[in-house]
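Everything below concerns the one structure shown next.
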Amino acid sequence: MQPHLDHFRALIAERDRFCILSHIRPDGDAYGSSLGLALSLKAFGKEVSVYSEDGLLRNYLFLPGKEMVEKTPAAPPPPEVAIIAVDTSTQERLGETFVGWNRQPDVNIDHHQSNPRFGRINLVDAESPACAQILHDLIDAAGLPCPPEAATNLYVGLMTDTGSFQYRHTSAHTFEVAASLVSRGADPTAIAQRFYQSTSVESFMLKREVLAVTKFTHTNRVAHYRLTQEMYARSGARTDEVENFLEQLQVVGSVEVAFMLEEMEGGKTRVSLRSRGRVDVNQIAASFGGGGHRLAAGIRSSLPPEELEARLLEKIGQALASHGG
Ligand code: 5GP
Ligand code: MN
């Protein structure tokens with residue numbers, strides 16, 4: 001990372017204007033990392049824009065600096081504006097509008113194993129449980145300020161991507177970073193309440209439907225469900241209100257792999273996969289053109305959902321068998 005860190009420092013010194021982007025269907029780490037870095041750069045006197053293909057989703061209205069988040073504009077910024085991608089495994093996942101800009105990001109800051117290093121400067125660490133952890137260290141290493149609003153955003157990224165400090169890659173250093181962010185003004189109780197105890201009744205109703213159609217296969221080592229547009233319509237929930245549904249399947253002790261297929265408007269199917277540890281779901285996702293991490297990965301596919309479901313069950317079965325199960 002060292003030469004890249006030097007280049008990053010130089011870029012911060014040279015440029016006055018920055019634009020920060022993260023992935024489509026943004027999560028807590030995407031917004032937290034974007035806004036954390038944006039507020040740090042702003043406090044350093046830089047001019048910063050934060051773009052997202054999806055704009056700001058409603059669950060994240062509590063984030064300080066939220067008013068900075070804009071939908072990615074059709075026209076690319078002028079060349080003097082440095083483009084920074086955070087928490088995003090491939091350029092395509094920055095969104096169609098960004099792809100239309102035809103610009104290579106100047107900096108790619110990420111923690112996905114499958115990241116192909118698409119930036120000019122790449123700060124990628126697959127050992128980090130959240131992009132926000134990399135950013136915390138980077139902000140310190142580059143001598144940038146970290147005001148309370150930036151610390152709050154980075155804490156949101158860290159808390160959500162580690163599943164509240166449970167998932168793999170949560171290390172002693174992760175707790176040091178959490179402590180550092182709390183000492184700079186992040187409030188763990190307030191953030192956890194805003195995030196985990198604020199679902200709508202519609203979202204609860206959708207979760208009830210999902211649990212009712214969940215199937216257990218492979219002697220209960222695989223759990224999965226299909227989420228349809230009808231289920232959304234019946235419950236009244238929005239597409240951004242399904243976060244953490246899949247994790248509900250992982251509470252069953254026998255489940256090695258949990259996955260879901262969501263039929264999206266426009267005919268494509270979105271798949272999310274989670275593994276307890278033995279199966280590498282990144283590999284499974286990659287064989288369908290997707291990617292992610294060993295324990296959490298995803299796919300966008302144009303295959304008919306029935307076929308995709310059957311082929312995924314087969315692949316996962318093979319992966320389980322190769323681990324002696
Ligand atoms: P989630 O299931 O939460 O949407 O995504 C889990 C992980 O897989 C995330 O880290 C995300 O970056 C990655 N991921 C999700 N969907 C896709 C996809 O369609 N393509 C690729 N390459 N990665 C994905
Ligand atoms: Mn992340």
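Accessible surface for residue 167 stands near 90 Å², nearest 10, in the context of the full protein assembly shown (1.4 Å probe).
Count Lys and Arg as plus one, Asp and Glu as minus one, and take only other residues whose Cβ is under 12 Å from that of residue 294; the net charge is then +2.
Charge tally around residue 257: other residues with Cβ under 9 Å, Lys/Arg +1 each, Asp/Glu -1 each, net +3.
Taking the alpha-carbon centroid of each part, what is the distance from the range 207-261 to the range 4-24 in angstrom? Using only Cα atoms to place each centre, the spacing works out to 39 Å. Compute the long axis of helix 172-183 from its Cα atoms, compare it with the longest principal axis of the Cα atoms of the chain, and write down the angle in degrees, 0 to 90, nearest 10. Taking the Cα atoms of the chain, the angle to 172-183 is about 60 degrees.
Between 178, 237, 141, the Gaussian network model of the chain with springs among Cα atoms under 10 angstrom shows the greatest mean-square fluctuation at 141.
Remark: the Cα gyration tensor places the range 2-196 in the rounded category, a/c being less than 1.5.
Applying a threshold of 27 Å to the alpha-carbon distances of 46/71; 71/268; 46/66; 66/215; 66/268 flags 66/215; 66/268 as lying beyond it.
Within the shell defined by Cβ-Cβ distances under 15 Å, the residues around residue 216 carry a net charge of +3, with Lys and Arg each +1 and Asp and Glu each -1. When the chain is treated as a Gaussian network with alpha carbon springs shorter than 10 Å, the biggest mean-square fluctuation among 190, 85, 223 belongs to 190.
Computed with a 1.4 Å probe over protein heavy atoms only, the accessible area of residue 15 comes to about 50 Å². Rolling a 1.4 angstrom probe over the protein heavy atoms with all chains in place gives the range 201-322 an accessible area of 45 Å² per residue. Measuring nothing but protein heavy atoms, the accessible surface of the range 1-100 at 1.4 Å probe radius is 52 percent carbon and sulfur. For the options 47, 230, 149, a Gaussian network treatment of the chain with springs between C-alpha atoms closer than 10 Å singles out 230 as fluctuating the most. Pairs of alpha-carbon atoms within less than 8 angstrom and 6+ residues apart define the contacts here; what relative contact order does the range 201-322 have, in percent? Reported relative contact order: 18 percent. Its relative contact order, with pairs defined as Cα atoms under 8 Å and 6+ residues apart, puts the chain at 13 percent.
The values are calculated or read from the model by the stated rules, or taken from the named source; none is laboratory data. What you see is a predicted model; the values in this text were computed from it and never measured. Here the Cβ is made from the backbone with ideal geometry for all residues, glycine too, and neighbour counts use every protein chain on show. All accessible areas refer to the heavy atoms of the entire protein, side chains included, with ligands and DNA or RNA removed. Shrake-Rupley method; radii C 1.70, N 1.55, O 1.52, S 1.80 Å.
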